[in-house]
Amino acid sequence: MHRDQILTRLRERIVAFAASRTERDVAEDLAQEVLIVLEEKYADVDAIEELVPLAMQIMRFKMIALRRKLVRRGETGSVSVDDVQLPDPASDLAGEVEKRELLERIATAMSHMGDRCRELFRLKLLGRSYSDIQRELGAASINTIYTWDARCRKELLERVGGSWRNKR
């Protein structure tokens, strides 16, 4: 039997092996890659006893490499966008009303708080770190800022009349 005939029969076995573990079109592509490797790197191997195990080993390596690539790209656990049902943000009118009312209560409570607390919250909302706030407010210690922060948050919570935890 000539090498071409052996490779033709071997291709069928390679595709069947790969198709048992992946999709058919992927198996066809992998089998083609295996045959290319056999032609380019193992052109001197003619015996069927050597070609079959060699081809199967190359196929295993190709399948492992494909699996790694899919995992690395995040394609294994991905879900189609069409399959995901996202809630319509406009349909949660009750949640929007609750948020708006809470923001109004917070704004009212903030207006009745002292200057130091309002300034502390302003700096935190600007993204300043506690050490930056310490410098800007002229506090002697960063622990002073932590204490002011805790007291201001407690006062705000009492004025708003609720809890920071989400009730849902």
Listed by chain and number, the lysines with an alpha carbon less than 17 angstrom from that of residue 41, same-chain partners under 8 positions apart left out, are 62
Which of the aspartates and glutamates could be linked to residue 69 by a straight reach, that is with a Cα gap under 18 Å, when you skip same-chain ones fewer than 8 residues away? 23, 25, 28, 29, 33
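Quick one: compute the contact order of the stretch 45-168, relative version, from alpha carbon pairs under 8 angstrom and 6+ residues apart, as a percent.
Values: 32 pairs, mean separation 23.7, N = 124.
Contact order relative to length: 19 percent.
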Restricting to DSSP H runs of at least four residues, report the calculated mean residue ellipticity at 222 nm for the chain, -39500 (n - 2.57) per run over all residues, nearest 500 deg cm²/dmol. -23500 deg cm²/dmol
Subtracting the Cα-Cα distance from 0.36 nm times the residue separation, let me have the gained length for residue 66 to residue 45 in nm, one decimal. 5.0 nm
Cα to Cα, under 30 Å, and not fewer than 8 places away if on the same chain: which lysines meet these conditions relative to residue 124? 99, 154, 167
How far is helix 142-160 tilted off the main Cα axis of the chain, in degrees rounded to 10, range 0 to 90? 80 degrees
Could you do me a favour and compute the accessible area per residue for the chain, 1.4 Å probe, result in Å²? 74 Å²
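Which order do the peptides 98-107, 140-149, 58-67 take when ranked by the mean count of other beta-carbon atoms within 10 Å per residue, highest first?
58-67, 140-149, 98-107
The values are calculated or read from the model by the stated rules, or taken from the named source; none is laboratory data. Remember, it's a predicted structure, so these values are computed and weren't measured experimentally. Positions of Cβ are generated from backbone atoms using ideal geometry, with glycine treated the same way; all protein chains shown enter the neighbour counts. For the accessible areas, the whole protein counts, side chains as well, though only heavy atoms, and no ligand, DNA or RNA atoms are used. Shrake-Rupley method; radii C 1.70, N 1.55, O 1.52, S 1.80 Å.
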